[in-house]
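Working notes for the structure below.
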Amino acid sequence: MAVFSLVTPSFNQASYLRAAIESVRRQQGAVLEHDVRDGGSADLSVEILRSYGDSLRWRSEPDGGQVRAINAGLQALTGEYCGYLNSDDIVLPGALAAVTSAFAANPQVDVVYGDAWFIGPQGERTRAYPTVPYDFDTLVQHCFICQPAAFWRRSVHTRWGWFDPECDNTFDYEFWLRIASKGARFLHLTQALAESREHSETKTQRQRRSIFSEIRRMELRH
């Protein structure tokens, strides 16, 4: 059975970290490597990580930021399929089994992404993520792929590289645009695979002006 490599970058996210880890541990129907990369948190994150003993792969140290932590985590793992789950997001039950089946049934596909929900600080669902069937021209206009609901073959990195640390706020969107422009093939599953949490400390909320500036540069580049 194919193996998933899943990385969770985290920094001072103790309020949400355990829920993210538990959502991964509940996955069935897939072989999974999970690596939590904590950037040296000063809250209770390390205590939460230690509570899992030897059953969880993790480290806590300065890591150069979210993008470098994800790249390093994925490079240290070996699974055929890759993904990352931020420490304030959730992967839904059955997600990895569904993605495994989709990749097996569609060997020509490089990226599988599904539907998703936005959730609030307490985990309450607030609205559906505006996911649509794949179309490159639409992707250039706006990112309709919900990152925690997206998974890709390791061969994508071999062919087209890793996440770009220069795109600190929008590196996932840059990655989709870059590989799509090079010919990567995407498949949309009409099944909810993840929940994306909205709260006051997310990058989206804190750095909106720089995010829009990065998006415009990416659109022009790709």
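Hey, does region 17-33 have a residue that's part of a loop (DSSP other than H, G, I, E, B), among the hydrophobic types (A, V, I, L, M, F, W, C) and touching a Phe, Trp or Tyr at 6+ places or on another chain (Cβ under 6 Å)? Taking every residue of region 17-33 in turn, at least one turns out to be part of a loop (DSSP other than H, G, I, E, B), among the hydrophobic types (A, V, I, L, M, F, W, C) and touching a Phe, Trp or Tyr at 6+ places or on another chain (Cβ under 6 Å).
Go through the residues of region 110-125 one by one and say whether even a single one is polar (S, T, N, Q) and in contact (Cβ under 8 Å) with a residue 12 or more places away in the chain. Show your work before the answer.
Of all residues in region 110-125, those polar (S, T, N, Q) come to 122.
Then drop every residue that is not in contact (Cβ under 8 Å) with a residue 12 or more places away in the chain, which leaves none.
No, region 110-125 contains no residue that is polar (S, T, N, Q) and in contact (Cβ under 8 Å) with a residue 12 or more places away in the chain.
Within region 7-49, the residues that satisfy the criterion of being open to solvent by 30 Å² or more (accessible area, probe 1.4 Å), within 15 Å of Gly83 (Cβ to Cβ) and of a type in the set (A, V, I, L, M, F, W, C) are Val31, Leu32.
Which count do you get for residues in region 117-130 that are β-branched (Val, Ile, Thr) and open to solvent by less than 20 Å² (accessible area, probe 1.4 Å)? Count: 1.
The set of residues in region 53-88 being among the hydrophobic types (A, V, I, L, M, F, W, C) and within 12 Å of Phe163 (Cα to Cα) consists of Val67, Ala69, Ile70, Ala72, Leu74.
Counting just the residues of region 117-150 that are of a type in the set (D, E, K, R) and part of a loop (DSSP other than H, G, I, E, B), which one comes out nearest to Arg185 (Cα to Cα)?
Taking region 117-150 first, the residues of a type in the set (D, E, K, R) are 124-125, 127, 135, 137.
Pick out the ones that are also part of a loop (DSSP other than H, G, I, E, B) and you get 124, 135.
Details: Glu124: 33, Asp135: 10 Å.
Per the stated criteria, the residue is Asp135.
Among the residues of region 169-222, the one identified as modelled with pLDDT of 75 or more, part of a helix (DSSP H, G or I) and β-branched (Val, Ile, Thr) is Ile179. For region 170-193, the set of residues classified as closer than 13 Å to Cys143 by Cα and free of Cβ contacts under 8 Å to residues at least 24 places away in the same chain consists of Phe175 only. When the residues of region 75-116 are filtered to those that are touching a strand residue (DSSP E or B) at 6+ places or on another chain (Cβ under 7 Å), part of a helix (DSSP H, G or I) and of a type in the set (Gly, Ala, Ser), the one that is surrounded by the fewest Cβ atoms within 10 Å (Cβ to Cβ) is Ala76.
Applying a threshold of 7 Å to beta carbon distances and a minimum spacing of six or more residues, or different chains, the list of pairs starting in region 126-139 at a residue that is closer than 18 Å to Tyr173 by Cβ and of a type outside the set (D, E, K, R) and ending at one that is part of a helix (DSSP H, G or I) and at pLDDT 95 or above reads Val132/Thr138; Phe136/Ala180; Leu139/Trp176; Leu139/Leu177; Leu139/Ala180.
The values are calculated or read from the model by the stated rules, or taken from the named source; none is laboratory data. This is a predicted model, so every value here is computed, not measured. A quick note on method: Cβ atoms are made from the backbone with ideal geometry, for glycine too, and the neighbour counts reach across all protein chains shown. Just the protein is used for accessible areas: all its heavy atoms, side chains included, with ligands, DNA and RNA removed. Shrake-Rupley method; radii C 1.70, N 1.55, O 1.52, S 1.80 Å.
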